[in-house]
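Let me begin by presenting the structure, written as structure tokens, before commenting on it.
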Amino acid sequence: MVQRLDYLKESPSQTAGPYVHIGTNPNWVEITGVWKDDLGLVLVGPETVGERILVEGRIIDGSGALVRDALVEIWQADAAGLHNSPTETRGTADPAFAGWARQPVSDADGLFRFETIRPGRVPFSGGGLQAPHVTVWIVARGINLGLHTRLYFGDEAEANSVDPLLNRIPDPVRRATLVAPRTERDGMPVFTFDIRLQGDGETVFLDM
Amino acid sequence: MSGAYFQRDRDWHPPALTPGYKTSVLRAPRQALLSMPTTPSEETGPVFGHDVLGPLDNDLIRNFAKDGGEAIGQRIVVYGRVLDENARPVAGALVEFWQANAGGRYRHKKESYLAAIDPNFGGCGRAITDAEGRYAFRTVKPGAYPWPNGVNDWRPAHIHFSVFGHAFAQRLITQMYFEGDPMIWQCPIVKTIPDPAAIERLVAALDRHETIPMDSLAYKFDIVLRGRRSTLFENRMEGN
Ligand SMILES: [Fe+2]
């Protein structure tokens, strides 16, 4: 016998199910009066520092159908590359930017859309800088453990070319699933991040 | 200084593809996940102050009830702690929960089960853990309900949980079941978890000591989030 390692095991995940929004966005599913505003609806205010951008996309299943019952959360650094978190050790983030938001995808068109700012660069664990990115997490009925992925920006080719995570993906087709192309709408940059759960163009999901 | 989060044990969690739970078949990624140590992007996470909470947020018996009414059903208290794999309490964790009513019916426009709506039950609540990682809420025991999967599949009584830790890497959604419920072991969603010992981690214990006399039963449900490496003898690069 040896000495015991007193670690606990992580609680196993279970699917968020079809009614996750009752818990996360009750007002959106017409359960009103319990609390005033659903959390995570607004990221950017007038005081927020940084370039305003839109991030939007759809979630597509293995048959090409839109997933309309998902919940999407994003987490990102501020314009200076700092996170608004007690566990941020490198400095103090912009107090006018929470860095976290979440949304149910729209019933009508399966779209999620976040108005946010372009994040700054965040260091990598082994040194060096990562390209600007947004952490994306999705849960839904039929997803047994929340899926982590990352959005990189299509107009950051130089930073992307030296990003340590992107450079672990040798296949350019797979790598491209994490890079959201840029368009513009009413003068605002729009980055489209469609998430394919399975099959052709399957998004790279992360075990981090 | 702390290091990366422990690697997730993906043999302990349910795999993505679980044909017994049919919806997973078209929603399961088939490619290998890209493995990476956590970076500051995953080692940080949002924090929620106690000021977001209202006084009834953790009282599902009353938080949707009209005119002093109360939800119908077996009154229960659910309590426990949020810990990490190092067995340390996770303070300030936002815990959100949602459930069907005592008859097994959700308040949702897509819900079609014929069991009656309870006009005094919304089905959602939330709490933030204290310095010892403790949370508690009051509710009614949810009913079992049938669902479209097999011809005649039923979910055991359960409460859904969403938990934020200190880091986005710890983000977790799971479900709580009730001690002694024979339906647990027949459920295709429960059975997505391969190891019965892991399933037992999701079964809340009836705690007779915390039962409130002449009022409510009590169930204890502890939740464990991912732990984090200490940085023994590690060179940390500048800027980390
Ligand atoms: Fe459920």
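The values are calculated or read from the model by the stated rules, or taken from the named source; none is laboratory data. Being a predicted model, the structure only gives us computed values, none of them experimental. Cβ placement follows ideal geometry from the backbone for every residue including glycine, while neighbour counts extend to all protein chains displayed. Only protein heavy atoms, including side chains, enter the accessible area calculation; ligands, DNA and RNA are left aside. Shrake-Rupley method; radii C 1.70, N 1.55, O 1.52, S 1.80 Å.
Brief remarks follow.
- Subset of the range B:81-120 [of a type in the set (Lys, Arg), surrounded by fewer than 17 Cβ atoms within 10 Å (Cβ to Cβ) and within 13 Å of the ligand (Cβ to nearest atom)]: B:Lys110
- Residue in the range B:185-219 that is surrounded by the most Cβ atoms within 10 Å (Cβ to Cβ), counting only those that are of a type in the set (A, V, I, L, M), more than 14 Å from chain A (Cβ to nearest Cβ) and within 18 Å of the chain's Cα centre (by Cα): B:Ala218
- Here the range B:1-50 is the region considered, the condition is being of a type in the set (A, V, I, L, M) and facing chain A (nearest Cβ under 7 Å), and the residue that is farthest from B:Glu85 (Cα to Cα) is B:Leu26.
- Residue that is nearest to B:Thr39 (Cα to Cα) [pool: residues in the range B:121-136 that are in contact with a Pro (Cβ under 6 Å, 6 or more places away or on another chain) and more than 14 Å from the ligand (Cβ to nearest atom)]: B:Gly133
- When we screen A:Arg141, A:Arg150, A:Arg90, A:Arg113 for residues that are within 9 Å of chain B (Cβ to nearest Cβ) and surrounded by fewer than 17 Cβ atoms within 10 Å (Cβ to Cβ), the only hit is A:Arg90.
Yes or no, residue by residue, for (1) open to solvent by less than 40 Å² (accessible area, probe 1.4 Å); (2) more than 7 Å from chain B (Cβ to nearest Cβ):
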| site | (1), (2) |
| --- | --- |
| A:Pro132 | yes, yes |
| A:Gly146 | yes, no |
| A:Ala157 | no, yes |
| A:Val162 | no, yes |
| A:Leu165 | yes, no |
| A:Thr183 | no, yes |
| A:Asp186 | no, yes |
| A:Asp194 | no, yes |
| A:Asp207 | yes, no |
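- Checking each residue in the range A:74-87 for being within 8 Å of another protein chain (Cβ to nearest Cβ) and open to solvent by less than 20 Å² (accessible area, probe 1.4 Å) picks out A:Trp75, A:Gln76, A:Ala77, A:His83, A:Ser85.
- Selection over the range B:151-170 of residues that are out of contact with any helix residue (DSSP H, G or I) (no Cβ under 8 Å at 6 or more places or on another chain) and away from the ligand (no atom under 16 Å from the Cβ) gives a count of 5.
- Inter-residue pairs, beta-carbon under 8 Å, first modelled with pLDDT of 95 or more and of a type in the set (Lys, Arg) and in the range B:150-171, second outside any loop (DSSP other than H, G, I, E, B) and more than 16 Å from the ligand (Cβ to nearest atom), 6+ apart: B:Arg171/A:Glu73; B:Arg171/A:Trp137; B:Arg171/B:Val163
- Elements of type strands (runs of 3 or more DSSP E) contained in the range B:55-142, each with 2 or more residues being touching a Lys or Arg at 6+ places or on another chain (Cβ under 7 Å), within 11 Å of chain A (Cβ to nearest Cβ) and touching a residue at least 12 places away in the same chain (Cβ under 8 Å): B:75-84, B:94-98
- Residues of the range B:137-147 satisfying the condition of being under 22 Å from B:Pro182 (Cβ atoms) and either within 12 Å of the ligand (Cβ to nearest atom) or open to solvent by 10 Å² or more (accessible area, probe 1.4 Å) (or both): B:Lys141, B:Pro142, B:Gly143, B:Ala144, B:Tyr145, B:Pro146, B:Trp147
Quick grid of which residues meet (1) more than 30 Å from A:Pro86 (Cα to Cα); (2) in a helix (DSSP H, G or I); (3) not aromatic (Phe, Trp, Tyr):
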site	(1), (2), (3)
B:Gly150	yes, no, yes
B:Ala169	no, yes, yes
B:Ala205	yes, no, yes
B:Val224	no, no, yes
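- Only one of B:Ala102, B:Ala144, B:Ala169, B:Ala116 that is closer than 21 Å to B:Asp57 by Cα and among the aliphatic types (A, V, I, L, M): B:Ala102
- Looking only at the range A:13-54, and only at residues there that are surrounded by fewer than 17 Cβ atoms within 10 Å (Cβ to Cβ) and of a type in the set (Gly, Ala, Ser), the one that is farthest from the ligand (Cβ to nearest atom): A:Gly45
- When the range A:116-130 is filtered for residues that are over 30 Å from A:Gly23 (Cα atoms) and either of a type in the set (D, E, K, R) or open to solvent by less than 40 Å² (accessible area, probe 1.4 Å) (or both), the ones remaining, listed by number, are A:Gly120, A:Arg121, A:Val122, A:Pro123, A:Phe124, A:Ser125, A:Gly127, A:Gln130.
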